[in-house]
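Peer 1: Below is the structure I would like to discuss, written out as C-alpha coordinates.
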Amino acid sequence: MSILRAPYKIAPERAEFTITIPSGALTTVAADGPVWSCRWTATQQLCVVKRVGLSVTVRTAYGTAQGTEYGLYFARAFTVADSGGTAATLTTNNGKLDTNYPTSVMGDMRIGTTGVITAGTRTLDAHPLGANCFQTSALGATANMDWVFGGSDDSQQVILRQNEGLVLHNLFLMGATGVLRLYVTMEWSEVDKSAVR
(Lines give C-alpha, C1' and ligand atoms only; values in the text may rest on other atoms or scores of the structure.)
Protein backbone atom coordinates (compact mmCIF):
# COMPACT_ATOMS: atom_id res chain seq x y z
CA MET A 1 0.00 0.00 0.00
CA SER A 2 1.35 3.43 -0.87
CA ILE A 3 0.60 6.80 0.66
CA LEU A 4 -0.33 9.50 -1.84
CA ARG A 5 0.78 13.08 -1.37
CA ALA A 6 -2.03 15.61 -1.34
CA PRO A 7 -2.49 16.98 -4.89
CA TYR A 8 -1.95 20.60 -3.87
CA LYS A 9 1.56 19.68 -2.70
CA ILE A 10 2.60 18.45 -6.13
CA ALA A 11 0.52 20.82 -8.27
CA PRO A 12 2.40 23.49 -10.23
CA GLU A 13 2.46 26.66 -8.20
CA ARG A 14 1.56 29.91 -9.88
CA ALA A 15 3.41 32.07 -7.35
CA GLU A 16 4.66 32.28 -3.75
CA PHE A 17 4.20 35.21 -1.37
CA THR A 18 5.06 36.41 2.14
CA ILE A 19 3.76 39.57 3.78
CA THR A 20 4.15 40.92 7.32
CA ILE A 21 1.89 43.74 8.45
CA PRO A 22 2.11 45.53 11.82
CA SER A 23 -0.80 46.76 13.87
CA GLY A 24 -0.96 50.15 15.46
CA ALA A 25 -0.98 50.58 19.23
CA LEU A 26 -3.84 48.26 20.22
CA THR A 27 -5.59 49.05 23.48
CA THR A 28 -8.72 47.81 25.28
CA VAL A 29 -9.63 45.41 22.48
CA ALA A 30 -12.87 43.62 23.33
CA ALA A 31 -13.10 39.89 23.91
CA ASP A 32 -13.62 38.03 20.64
CA GLY A 33 -12.54 41.11 18.68
CA PRO A 34 -11.08 40.62 15.17
CA VAL A 35 -7.66 42.22 14.75
CA TRP A 36 -6.40 40.74 11.42
CA SER A 37 -7.99 39.08 8.42
CA CYS A 38 -7.39 37.96 4.87
CA ARG A 39 -10.02 37.24 2.20
CA TRP A 40 -9.53 35.13 -0.93
CA THR A 41 -11.71 36.13 -3.90
CA ALA A 42 -10.09 34.54 -6.97
CA THR A 43 -12.21 32.18 -9.04
CA GLN A 44 -9.46 30.43 -11.03
CA GLN A 45 -6.80 30.05 -8.31
CA LEU A 46 -6.62 28.58 -4.83
CA CYS A 47 -4.68 29.98 -1.89
CA VAL A 48 -2.54 27.40 -0.09
CA VAL A 49 -1.70 28.85 3.32
CA LYS A 50 1.76 27.72 4.35
CA ARG A 51 2.13 29.67 7.59
CA VAL A 52 0.50 32.33 9.72
CA GLY A 53 2.87 33.80 12.28
CA LEU A 54 2.01 36.17 15.12
CA SER A 55 4.47 38.22 17.14
CA VAL A 56 3.13 40.29 20.02
CA THR A 57 5.02 42.87 22.03
CA VAL A 58 3.71 44.69 25.10
CA ARG A 59 4.37 48.41 24.73
CA THR A 60 2.57 49.37 27.96
CA ALA A 61 1.82 46.76 30.60
CA TYR A 62 -1.67 46.07 31.92
CA GLY A 63 -2.72 47.53 35.27
CA THR A 64 -3.21 44.03 36.69
CA ALA A 65 -1.94 40.63 35.69
CA GLN A 66 -3.88 38.90 32.92
CA GLY A 67 -3.52 36.62 29.95
CA THR A 68 -3.51 37.82 26.37
CA GLU A 69 -5.03 35.28 24.01
CA TYR A 70 -5.41 34.98 20.23
CA GLY A 71 -7.22 32.47 18.02
CA LEU A 72 -7.08 31.96 14.24
CA TYR A 73 -10.46 31.18 12.65
CA PHE A 74 -11.47 29.87 9.24
CA ALA A 75 -13.99 32.26 7.64
CA ARG A 76 -16.46 30.86 5.10
CA ALA A 77 -19.08 32.58 2.92
CA PHE A 78 -16.79 35.64 3.11
CA THR A 79 -18.67 37.70 0.55
CA VAL A 80 -17.94 41.23 1.84
CA ALA A 81 -14.44 42.21 2.97
CA ASP A 82 -13.66 43.46 6.46
CA SER A 83 -12.98 47.18 6.77
CA GLY A 84 -11.09 49.61 8.96
CA GLY A 85 -7.56 49.20 10.23
CA THR A 86 -4.63 49.17 7.82
CA ALA A 87 -4.84 47.24 4.55
CA ALA A 88 -1.78 45.41 3.20
CA THR A 89 -0.45 46.63 -0.15
CA LEU A 90 -0.88 43.64 -2.44
CA THR A 91 -0.17 45.32 -5.78
CA THR A 92 2.93 45.24 -8.04
CA ASN A 93 5.84 43.24 -6.53
CA ASN A 94 4.77 43.41 -2.89
CA GLY A 95 5.16 40.05 -1.17
CA LYS A 96 6.51 38.20 -4.22
CA LEU A 97 9.30 35.72 -3.54
CA ASP A 98 10.35 36.03 -7.18
CA THR A 99 9.95 39.21 -9.22
CA ASN A 100 8.90 37.11 -12.22
CA TYR A 101 5.78 35.88 -10.41
CA PRO A 102 2.47 37.48 -11.38
CA THR A 103 0.90 39.96 -8.96
CA SER A 104 -1.03 38.32 -6.14
CA VAL A 105 -4.76 37.83 -6.57
CA MET A 106 -5.39 37.94 -2.80
CA GLY A 107 -8.61 39.91 -2.35
CA ASP A 108 -7.86 41.67 0.95
CA MET A 109 -5.60 41.57 3.99
CA ARG A 110 -5.72 44.01 6.90
CA ILE A 111 -4.86 44.57 10.57
CA GLY A 112 -6.19 46.78 13.36
CA THR A 113 -4.71 50.17 14.13
CA THR A 114 -5.81 51.03 17.69
CA GLY A 115 -8.63 48.51 18.00
CA VAL A 116 -10.63 45.92 16.11
CA ILE A 117 -11.28 45.78 12.39
CA THR A 118 -14.91 45.86 11.29
CA ALA A 119 -16.28 42.50 10.20
CA GLY A 120 -17.71 42.23 6.71
CA THR A 121 -20.03 39.40 5.68
CA ARG A 122 -18.57 36.07 6.75
CA THR A 123 -19.23 33.01 8.90
CA LEU A 124 -16.50 31.87 11.27
CA ASP A 125 -16.08 28.26 12.32
CA ALA A 126 -17.22 27.57 15.88
CA HIS A 127 -13.66 26.84 17.03
CA PRO A 128 -10.28 28.30 16.03
CA LEU A 129 -7.78 26.40 13.92
CA GLY A 130 -5.22 27.24 16.57
CA ALA A 131 -4.78 29.53 19.58
CA ASN A 132 -2.09 30.77 21.92
CA CYS A 133 -1.70 33.00 24.94
CA PHE A 134 0.86 34.64 27.17
CA GLN A 135 0.76 36.02 30.69
CA THR A 136 1.82 39.41 32.01
CA SER A 137 2.42 39.30 35.73
CA ALA A 138 1.99 42.86 37.05
CA LEU A 139 2.14 46.55 36.32
CA GLY A 140 5.44 47.30 34.65
CA ALA A 141 5.94 43.74 33.46
CA THR A 142 6.25 43.11 29.74
CA ALA A 143 6.12 39.95 27.68
CA ASN A 144 6.46 38.82 24.11
CA MET A 145 4.72 36.02 22.27
CA ASP A 146 5.74 34.38 19.02
CA TRP A 147 3.37 31.86 17.49
CA VAL A 148 3.19 30.05 14.18
CA PHE A 149 0.24 28.15 12.75
CA GLY A 150 1.29 25.78 9.99
CA GLY A 151 4.83 25.54 8.75
CA SER A 152 5.00 21.73 8.69
CA ASP A 153 5.33 19.89 5.38
CA ASP A 154 3.72 16.84 6.98
CA SER A 155 0.43 18.46 7.89
CA GLN A 156 -2.54 19.39 5.74
CA GLN A 157 -2.34 23.04 4.84
CA VAL A 158 -5.35 25.32 4.83
CA ILE A 159 -6.72 25.81 1.32
CA LEU A 160 -8.78 28.93 0.69
CA ARG A 161 -11.30 28.90 -2.13
CA GLN A 162 -13.31 31.81 -3.48
CA ASN A 163 -14.88 33.86 -0.68
CA GLU A 164 -13.01 32.13 2.13
CA GLY A 165 -10.44 33.55 4.49
CA LEU A 166 -8.76 33.63 7.88
CA VAL A 167 -9.49 35.91 10.85
CA LEU A 168 -7.34 36.44 13.95
CA HIS A 169 -9.33 37.25 17.10
CA ASN A 170 -8.31 38.69 20.42
CA LEU A 171 -10.03 36.20 22.74
CA PHE A 172 -9.93 38.02 26.11
CA LEU A 173 -10.69 41.66 26.93
CA MET A 174 -7.48 43.68 27.09
CA GLY A 175 -7.17 45.26 30.52
CA ALA A 176 -6.91 48.96 31.23
CA THR A 177 -3.65 50.71 30.34
CA GLY A 178 -2.33 47.79 28.29
CA VAL A 179 -0.95 48.62 24.85
CA LEU A 180 0.14 45.90 22.42
CA ARG A 181 1.65 45.86 18.95
CA LEU A 182 1.15 42.86 16.67
CA TYR A 183 3.10 41.68 13.65
CA VAL A 184 1.22 39.11 11.55
CA THR A 185 3.09 37.22 8.84
CA MET A 186 1.35 35.10 6.23
CA GLU A 187 3.10 32.85 3.72
CA TRP A 188 1.03 31.40 0.89
CA SER A 189 1.11 29.85 -2.56
CA GLU A 190 -1.30 30.63 -5.36
CA VAL A 191 -2.18 27.50 -7.31
CA ASP A 192 -4.24 27.16 -10.46
CA LYS A 193 -7.57 25.62 -9.53
CA SER A 194 -7.49 23.27 -12.51
CA ALA A 195 -4.31 21.63 -11.18
CA VAL A 196 -5.92 20.50 -7.92
CA ARG A 197 -8.55 17.77 -7.74
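Peer 1: Scan the stretch 27-59 for residues that are of a type outside the set (A, V, I, L, M, F, W, C), assigned to a strand (DSSP E or B) and within 30 Å of T103 (Cα to Cα) and jot them down.
Peer 2: P34, S37, R39, Q45, K50, R51, G53, S55
Peer 1: Hey, among F172, F134, which residue is out of contact with any Pro (no Cβ under 9 Å at 6 or more places or on another chain), modelled with pLDDT under 95, in a strand (DSSP E or B) and surrounded by fewer than 20 Cβ atoms within 10 Å (Cβ to Cβ)?
Peer 2: Residue meeting the stated conditions: F134.
Peer 1: Can you pull out every residue in the stretch 68-95 that is of a type in the set (D, E, K, R) and modelled with pLDDT under 95?
Peer 2: Selection gives E69 alone.
Peer 1: Sticking with this one: If T113 passes every condition in (1) of a type outside the set (A, V, I, L, M); (2) buried (at least 18 other Cβ atoms within 10 Å of the Cβ); (3) at pLDDT 95 or above but one, which one does it miss?
Peer 2: Unmet for T113, out of (1) of a type outside the set (A, V, I, L, M); (2) buried (at least 18 other Cβ atoms within 10 Å of the Cβ); (3) at pLDDT 95 or above: (2).
Peer 1: Could you tell me which residue of the stretch 75-84 is surrounded by the fewest Cβ atoms within 10 Å (Cβ to Cβ), considering only residues that are in contact (Cβ under 8 Å) with a residue 60 or more places away in the chain and in contact with a Gly (Cβ under 8 Å, 6 or more places away or on another chain)?
Peer 2: It comes out as T79.
Peer 1: Go over the candidates T121, T114 one by one and state the one that is touching a residue at least 60 places away in the same chain (Cβ under 8 Å) and in contact with a strand residue (DSSP E or B) (Cβ under 8 Å, 6 or more places away or on another chain).
Peer 2: Only one candidate qualifies: T114.
Peer 1: Between a first residue in the stretch 183-196 that is part of a helix (DSSP H, G or I) and a second residue that is aliphatic (A, V, I, L, M), which pairs have beta carbons less than 8 Å apart while being 6 or more apart in sequence or on different chains?
Peer 2: Sorted first by the residue in the stretch 183-196, then by its partner, the pairs are K193/L46; A195/A11.
The values are calculated or read from the model by the stated rules, or taken from the named source; none is laboratory data. These numbers come from a predicted model, not from an experiment. Counting neighbours? That spans all protein chains shown, and the Cβs are built from the backbone with ideal geometry, glycine included.
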